[in-house]
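Visitor: Dropping the structure in here first, questions after.
What follows draws every value from the coordinates through simple rules; no lab data is involved. Source: prediction; values computed, not measured. Here Cβ is always computed from backbone atoms with ideal geometry, including for glycine, and neighbour counts include all displayed protein chains.
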Amino acid sequence: MDSITVPAKIEELDRVNDFVMEKLASLGCGEGTLFQLRLAVEEIFVNIASYAYKPGEGEAEVDCEVLKDPLRVVLRFLDGGVPFDPLAREDADTSREALMERVGGLGILLVKKLTDDVQYSYEDGKNILTIMKKL
């Protein structure tokens, strides 16, 4: 498993995405799969950077592991910010009426739709959000 630790700042998003894409480059992933993973990574990392440590600052760690049989990637996002389980809430209402009134809250639903599995745990003072995507 490879990992990267960066300041939990939105300016680090490209670095995190580059890290993940570099790990997947040699696996022959389709453009659609790479796009879906990029969106999921962006959603999760931006949320960490925007909310985990406010008003303070901290770090985010991203672990990337490629597993075989079947081929899949597991990404773990760790931060030492305020404990927050994004999976604890019901999925957002995506009816037309609700979407017209809603501000935010659709990110975790997007991540669930783009990946094959999403799990959350809080261990040793860290939020750990794990996503898995079959390649």
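Visitor: Lys pairs in the stretch 2-134, Cα-Cα under 30 Å, at least 8 apart or on separate chains: how many?
Guide: Lysine pairs meeting both conditions in the stretch 2-134 amount to 29.
Visitor: Now for a separate question. Under 8 Å for C-alpha pairs, at least 6 residues apart: give me the relative contact order for the chain, rounded to a whole percent.
Guide: Relative contact order here is 28 percent.
Visitor: Compute, for the stretch 2-134, the length of the dipole vector about the Cα centre, with Cβ point charges of +1 (Lys, Arg) and -1 (Asp, Glu) only. Units Debye, rounded to 20. Mind dumping the intermediate values first?
Guide: Numbers: 16 positive and 26 negative charges, 64 e Å.
In total the dipole reaches around 300 debye.
Visitor: Stokes-Einstein D for the chain at 4 °C, 1.567 mPa s, Kirkwood Rh over Cα pairs, in µm²/s?
Guide: Working: Rh = 15.4 Å.
It diffuses with D of about 84 µm²/s by this estimate.
Visitor: Highest mean first, what order results for 24-32, 8-16 on Cβ atoms within 10 Å? Kindly include the intermediate steps, with their values, before the conclusion.
Guide: On the way: 24-32: 11.1, 8-16: 16.0.
For the peptides 24-32, 8-16, the packing ranking is 8-16, 24-32.
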